[in-house]
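A.B. asks: Once you've had a glance at the structure underneath, I'll fire off some questions.
Read-outs: derived from the displayed coordinates by stated rules, not from any lab. Only a predicted model underlies this, so the values are computations on that prediction, with no experimental measurement involved. Don't worry about glycine lacking a Cβ; one is built from the backbone with ideal geometry, like all the others, and counts go over all protein chains shown.
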Amino acid sequence: MSTKVVDRTPLTFYERSYLPAILSGLKVTARHFLRSAKGHNTATDLSQGYYPEVPWTVAEGYRGAPYLVRDQEGHTKCVSCQLCEFICPPKAIKITPPGPEGIPSDRANAEKMPREFEINMLRCIFCGMCQEVCPEEAIFLQKDYSLTGTSREEMIYNKEKLLSLGGTHAGIQKWKHKLESAQHQEVFPVKTH
Ligand code: SF4
Ligand code: SF4
């Protein structure tokens, strides 16, 4: 097997000074400055309002902060399986499982619920992987994009806060008919030879 050595072309003095990149950036800035001085619209979409006085209208499908949701009866949907904690790229989720003593789930057809569930919003990158992986449809990225706090601790949202921000998702009724459908499931005859 032969190896081909490719020479790296050395940068010129002009390129090493970063002047071409700086000048081309300034050209864009000057163009937008002149357009704005003439009263034309700028690169900023002002039709969306003057944030923060006028809040931004969030587009459909926008991925904002992830919150826990309750089912149609107001019960916790999360069953503490910890898949979201495992998959979360920046390790923003910390779940405390119920433990050996356990705390029973507050809804039927679920074995357990988390003792505590925290999301560090300073770490969260709003990627949506927790929502994708959740088997219970218990966590959803919502439309909140402006999260503020006066300390790092304040930006760690606990279970109660996540549940109250997430609200009830009446449309998601994954387990509502699960038991009935299981009971009506066809029983296959066992073949005996
Ligand atoms: S949206 Fe992404 S980063 Fe944020 S908690 Fe979910 S998996 Fe982690
Ligand atoms: S939010 Fe979903 S994925 Fe995360 S622990 Fe709860 S049930 Fe599992």
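A.B. asks: Sorted by average packing, counted as other Cβ atoms within 10 angstrom per residue and highest first, what order do 16-26, 73-83, 140-150 take?
C.D. replies: In decreasing order of mean packing, 16-26, 73-83, 140-150 become 73-83, 140-150, 16-26.
A.B. asks: Find the Rg to Rh ratio for segment 61-172, where Rh is the Kirkwood radius over alpha-carbon pairs and Rg uses the same atoms. Please list the in-between numbers first.
C.D. replies: Numbers: Rg = 13.3 Å, Rh = 14.1 Å.
For segment 61-172, the value is 0.94.
A.B. asks: Give me the percent relative contact order of segment 1-139, please, defined on Cα pairs under 8 angstrom at least 6 residues apart. Show your work: numbers first, answer last.
C.D. replies: Working: 136 pairs, mean separation 29.7, N = 139.
With pairs under 8 Å counted, the relative contact order is 21 percent.
A.B. asks: Report the label-to-label distance for Phe33 and Gln82 in nanometres (one decimal), using points 7 Å from each Cα along the Cα→Cβ vector.
C.D. replies: 5.6 nm
A.B. asks: So, in segment 61-172, how many Lys pairs have Cα atoms under 18 Å apart, if the pair is 8 or more places apart or on different chains?
C.D. replies: 10
A.B. asks: How big is the dipole moment of segment 61-172 about its Cα centre under a simple scheme where the beta carbon of each Lys and Arg is +1, that of each Asp and Glu is -1, and everything else is neutral? Debye, nearest 20, please.
C.D. replies: Details: 13 positive and 15 negative charges, 59 e Å.
In debye, rounded to 20, segment 61-172 gives about 280.
A.B. asks: Name the shape class, rounded, prolate or oblate, that the alpha-carbon gyration tensor gives for segment 51-96, where a ≥ b ≥ c are the square roots of its eigenvalues, rounded holds for a/c under 1.5, and otherwise prolate holds if a/b is larger than b/c and oblate otherwise. Show your work: numbers first, answer last.
C.D. replies: On the way: a/c = 2.89, a/b = 1.55, b/c = 1.86.
Since a/c reaches 1.5 but b/c is at least a/b, the shape of segment 51-96 is classed as oblate.
A.B. asks: Also, quick follow-up: Sequence gap at least 6, Cα distance under 8 Å: using those rules, report the relative contact order of segment 61-172 to the nearest whole percent. Could you put the intermediate results ahead of the total?
C.D. replies: Details: 212 pairs, mean separation 46.5, N = 112.
So the answer I get is 41 percent.
A.B. asks: Then there's this: Among Arg63, Arg8, which comes first, then next, by fewest other beta-carbon atoms within 10 Å? Don't jump to the answer; show the numbers that get you there.
C.D. replies: On the way: Arg63 15, Arg8 6.
In order of increasing Cβ crowding within 10 Å: Arg8, Arg63.
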